[in-house]
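The values are calculated or read from the model by the stated rules, or taken from the named source; none is laboratory data. In this text the structure is predicted, and so the values were computed from the model without any measurement. Glycine gets a Cβ as well: all are built from the backbone with ideal geometry, and neighbour counts include every protein chain shown.
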Amino acid sequence: MAQAANTFDSYDAVGIKEQLSDIITSIAPEETPFYTKCKKTTARNTLVEWQTDALRASAGNSHIEGDVTTAEARSATTRLGNYTNIFKNAVVVPDTDEGLDKAGRNSEIAYQVLKVAKEQKLDIEKPLFANNARVAGNSTTARELAGLPAWMLTNVNFVSASSGANPTGDGTDARTDSGAPTAFTQAKFDDVMQSIWEEGGKPDTVYLSAFQMNKALAFTGNNNQRSAVQAGDERVIKSLAVYVTPWGSVEFLPSRENRSRDVFITQDNMFEVAVLRGTKNVALAKTGDASVRQVVTELTLCVKNEKSSGLIADNTTS
């Protein structure tokens, strides 16, 4: 194999145009299932408050004719609150970049702002699941919202050994993780589902990591594993979309942002995100030959009544 003498091939040529695709391919996790499902309400203060109440337990209620009526002692509502959390990111792009002929985008700053907005949405999902107590903040300390684990008190399956303990349940303190976690099991799950039902909850959704999702796929009664054989097509589908129990039917949603040791069972309409400042792209003052854009959001999590939902905590993660 040899070239003819004096062959002028592409390796010798000068001026060949580069080929660079106008499509930028990005693969990254960007789903935010819990944040997306939460109803959005308006916050009008940095401390968003709400009240909870409950009915007393049922009791015998039979009386004689003409009985003298005595009023029952009544309990007050419980006042709860969570602080708004400021999420902020910025991009700085030299003005020269805006004049360049670029592949895949017309404006560098517009592209970077869009990317930052997607990243910030993940930053919002993460603290909603975080084992974090609320922080009031001051001139030197940022406000922080209390995440889901700090609210779960009533319907919780956890390991008390090795210091495991529930929080107060009002967002003022985080739960204490056990140093001796145990495997996530169907028995744990059914125990919490029953507890939620007994409290009057109507759970809809289960949030869990990929590792715990694989554990759930092994639950007894998972009939979603099947073979579908068609002409020219043979597939084995292994999934657990909806799990039906005597205590209700729930949808399983894998989430990348919640801690793998936690499995949350939630009643969707009992969780809201109160937004003080919706996500905005703000142009900041120029201080040189560059443009600065800030993406900012301020919001908090409202747990309208934690008894509606539950948590299987202290699960092994490997």
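Can you find even one residue in the range 120-136 that is more than 19 Å from the chain's Cα centre (by Cα), assigned to a loop (DSSP other than H, G, I, E, B) and either more than 30 Å from residue 104 (Cα to Cα) or in contact (Cβ under 8 Å) with a residue 24 or more places away in the chain (or both)? Looking for residues that are more than 19 Å from the chain's Cα centre (by Cα), assigned to a loop (DSSP other than H, G, I, E, B) and either more than 30 Å from residue 104 (Cα to Cα) or in contact (Cβ under 8 Å) with a residue 24 or more places away in the chain (or both), one finds at least one in the range 120-136, hence yes. Within the range 1-32, the only residue that satisfies the criterion of being at pLDDT 85 or above and in contact with a helix residue (DSSP H, G or I) (Cβ under 8 Å, 6 or more places away or on another chain) is 32. Of the residues making up the range 186-203, those that are assigned to a loop (DSSP other than H, G, I, E, B) and surrounded by 14 or more Cβ atoms within 10 Å (Cβ to Cβ) are 201, 202, 203.
Residues that are modelled with pLDDT of 90 or more and exposed (fewer than 12 other Cβ atoms within 10 Å of the Cβ) within the range 238-248 comprise just one, 246. Among the candidates 174, 146, 150, the residue that is touching a residue at least 40 places away in the same chain (Cβ under 8 Å) and in contact with a Lys or Arg (Cβ under 7 Å, 6 or more places away or on another chain) is uniquely 146. Checking the structure you have, find out if any residue of the range 43-57 is closer than 19 Å to residue 146 by Cβ and of a type in the set (Asp, Glu). Yes, that holds for at least one residue. Across the range 204-237, the qualifying residues are those that are closer than 25 Å to residue 31 by Cα and either in a strand (DSSP E or B) or touching a Pro at 6+ places or on another chain (Cβ under 8 Å) (or both), and the one among them that is modelled with the lowest pLDDT is 237.
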